[in-house]
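In what follows, a structure is listed as structure tokens, so that the remarks can point back to it.
The values are calculated or read from the model by the stated rules, or taken from the named source; none is laboratory data. For clarity, every value in this text was computed on a predicted model and none was experimentally measured. Positions of Cβ are generated from backbone atoms using ideal geometry, with glycine treated the same way; all protein chains shown enter the neighbour counts. We work out accessible area using only protein heavy atoms, side chains counted, and drop any ligands, DNA or RNA first. Shrake-Rupley method; radii C 1.70, N 1.55, O 1.52, S 1.80 Å.
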Amino acid sequence: MNYSQGSEIVSNASTRKRGFPNPLQWIGAASLGLFSEVGRLFIFFLKVMATAFTPRWYVAQVWKQMVNIGFYSLPVVGLSAVFIGAALALNIYEGGSRYGAEQFVPSIVVLGITRELGATITGLMLAGRVSAGISAEIGAMRVTEQIDALETLSASPFRYLYAPRFLAAIIALPLLVLVADIIGIMGGWLVSVYALDFDSTTYIRNTMDFLTNNDVIVGLIKAVVFGAVIATMGCYQGDRSEAGATGVGRAATLAMVGAAVLVLATNYIMSTLFVEIGL
Amino acid sequence: MTTPILRLENVKKSFGQKHVLKGVDLEVQRGESLVVLGGSGSGKSVMLKNALGLMTPNDGKIFFDGEDVTKSTGKTRAKMRERIGMLFQSGALFDSLTVWENVSFRLLQADRMRRKDAKERAIETLKKVRLGPDVADLYPAEISGGMQKRVSLARSIISKPDLIFFDEPTTGLDPITADAINDLIIEQVRSLGAAAVSITHDMASARKIANNIAMLYEGKIIWHGPADIIDNSGNDYVDQFVHGRADGPIQPAI
């Protein structure tokens with residue numbers, strides 16, 4: 001709302017100055033718009049959290065969303081992970097061979113996949129598949145008055161629609177990340193053994209010896225946060241969707257882009273934090 | 001004098017600089033069927049959403065059965081909604097649920113009725129709107145627009161409400177189906193003894209279902225009276241609207 005009001009100010013200023021907007025007004029309006037959007041998103045997130053962790057829970061809805069978010073994402077997550085693991089092994093081998101350090105391929109692959117790439121790739125893939133999907137579905141419900149209908153039938157959209165998606169995402173994402181970790185490491189192993197002439201047993205032993213519980217836990221913690229980000233962005237943009245196919249399409253795009261950027265941003269913040277605390 | 005089931009007192013609603021409702025005053029008595037007429041963009045749907053609690057007015061008060069519900073939340077609002085049915089313009093059926101799950105949604109989710117019992121109640125209610133049990137397991141996308149309106153009507157009456165809102169109940173339907181929907185509305189509202197508030201710009205529908213008619217123009221109720229004097233209202237705006245003339249005090253919305 002503030003942003004649009006700001007835009008009107010800019011527009012008036014533009015008219016007065018014959019098409020040359022005052023840059024300070026433009027920056028001011030854009031900043032106000034950004035802050036109010038962040039504020040709305042944060043309040044929405046708190047409301048989703050509050051409903052997700054207090055009864056009543058629509059268990060059937062949570063289960064349905066877990067199947068949608070978790071099970072149906074397995075192919076895309078698995079395929080992405082195997083190629084990322086394979087490419088990672090090749091690049092580490094190429095870089096390592098310059099210093100005669102090819103033997104570090106298994107340890108760097110397992111570290112890179114579990115601490116970073118397994119979770120990030122899963123997060124990014126689900127930002128596209130799930131966040132945009134949730135947003136389009138809820139957006140379509142919003143513009144066809146189904147969300148209003150829910151409220152008139154004494155069912156809160158937060159409790160019936162948003163909280164189940166939020167819970168399903170924060171449960172399904174860690175499970176998907178575990179799968180991505182295993183398949184990603186397997187991708188690295190496949191390339192190393194069949195293309196780079198590594199001994200299979202030695203590769204697996206090096207991988208197992210280097211891997212610690214903390215590496216896996218770091219990825220899983222990230223996955224929970226990414227799940228929260230993806231579900232919240234999808235629900236938020238869907239809930240705010242404007243009428244018509246354009247409105248719903250725009251909501252889906254905003255959800256996907258917003259979720260992807262937030263996945264990368266929170267990933268960096270968490271990585272910094274985990275390094276600081278020695279996790 | 002009995003307490004009206006619904007009373008709107010100087011209700012105002014704006015969106016930014018756009019003032020949609022500029023002080024609506026309206027009363028609906030128990031058992032009354034009130035039709036609110038108004039052109040496109042006159043604020044009919046906004047008025048209805050305020051009355052339902054889907055929007056909060058900027059000013060004014062809304063009373064349901066004598067209780068101020070203008071800013072009610074939580075249990076008070078839930079209790080009010082238990083006694084209200086709503087038929088949306090688009091039907092607003094949930095795509096992912098079957099017809100019977102749509103009809104018995106409130107029974108399943110709010111009242112936590114067993115699915116078997118809820119399905120029986122849904123099929124009984126579907127019969128009241130002339131739909132057979134064969135429709136119960138279909139999804140909304142598998143039935144026609146007229147059938148969707150009937151299903152939506154069944155959903156709005158299943159919990160035997162005291163007040164039912166109808167938002168453009170005949171929009172998008174052919175004249176025969178529209179008339180059948182009007183008949184069903186009259187029949188069901190009478191059998192429940194409920195009050196009905198319908199918003200429409202379909203005069204045939206208004207003449208058929210209304211005891212009283214109100215006209216909303218530029219955010220205010222400009223006329224309110226018995227349906228049978230609508231043709232002699234003595235109000236130029238009502239007259240122009242009722243006769244569907246382009247000439248007159250109301251400017252066409254084009």
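Can you figure out the FRET efficiency of B:Arg115 with A:Lys47, using R₀ = 35 Å and their beta-carbon distance, to the nearest 0.05? Could the numbers behind the result be given before it?
Values: r = 30 Å, r/R0 = 0.85.
About 0.75, to the nearest 0.05.
Placing +1 on the Cβ of every Lys and Arg and -1 on the Cβ of every Asp and Glu, with no other charges, gives region A:31-277 a dipole of roughly 620 debye about its Cα centre. Based on alpha-carbon centroids, what's the gap between region A:190-241 and region A:40-110 in Å, whole number please? Rounded to whole Å, the Cα centres lie 5 Å apart.
Which residues, if any, in region B:103-129 have at least 10 Å² less accessible area in the whole protein complex than in the isolated chain, probe 1.4 Å? Residues shielded by partner chains are B:Phe105, B:Arg106, B:Gln109, B:Ala110, B:Arg112. Just the protein heavy atoms count here, and of the accessible area of region A:29-131 at 1.4 Å, carbon and sulfur take up 76 percent.
Note down the Stokes-Einstein diffusion coefficient of region A:45-194 in µm²/s, whole number, using a Kirkwood radius over alpha carbon pairs, 25 °C, and 0.890 mPa s. Could the numbers behind the result be given before it?
On the way: Rh = 17.2 Å.
In µm²/s, the coefficient rounds to 143.
Pairs from the table (B:Lys18/B:Lys149; A:Lys47/B:Lys160; A:Lys47/B:Lys127; B:Lys128/B:Lys220; B:Lys79/B:Lys128; B:Lys49/B:Lys128) lying more than 29 angstrom apart at Cα are B:Lys18/B:Lys149; A:Lys47/B:Lys160; A:Lys47/B:Lys127; B:Lys128/B:Lys220. Exposure check, 1.4 Å probe, all protein chains in place: A:Thr201 carries approximately 80 Å² of accessible surface.
May I ask you to give the solvent-accessible area per residue for the protein assembly as shown, in square angstrom, as obtained with a 1.4 angstrom probe? Before the final figure, lay out each step's value.
On the way: 25220 Å² over 533 residues.
For the protein assembly as shown, the per-residue accessible area is 47 Å².
Against chain B, whose longest principal axis is taken from its Cα atoms, helix B:175-192 shows a tilt of about 80°. Enter the angle in degrees (range 0 to 90, nearest 10) between the Cα long axis of helix B:115-128 and the first principal axis of the Cα atoms of chain B, meaning the one along which they spread out most. For B:115-128 against chain B, the angle is about 50 degrees. A straight line joining the Cα centroids of region A:129-150 and region B:97-169 runs 21 Å. The DSSP beta bridges internal to the protein assembly as shown are antiparallel in roughly 55% of cases.
Within region A:24-108, report the chymotrypsin sites (Phe, Trp or Tyr not before Pro) that DSSP leaves as loop and that have at most 11 other Cβ atoms within 10 Å. It would help to have the intermediate numbers written out before the result.
Numbers: sites: A:Trp26, A:Phe35, A:Phe42, A:Phe44, A:Phe45, A:Phe53, A:Trp57, A:Tyr58, A:Trp63, A:Phe71, A:Tyr72, A:Phe83, A:Tyr93, A:Tyr99, A:Phe104; in loops: A:Phe53, A:Trp57, A:Tyr58, A:Tyr99.
The qualifying sites are A:Phe53, A:Tyr99.
Taking all protein chains together and rolling a 1.4 Å probe, A:Thr202 ends up with roughly 60 Å² accessible.
Taking every pair of Cα atoms in the protein assembly as shown, average 1/r, invert it to obtain the Kirkwood radius, and report Rg/Rh to two decimals.
On the way: Rg = 29.0 Å, Rh = 26.6 Å.
Rounded to two decimals, Rg/Rh equals 1.09.
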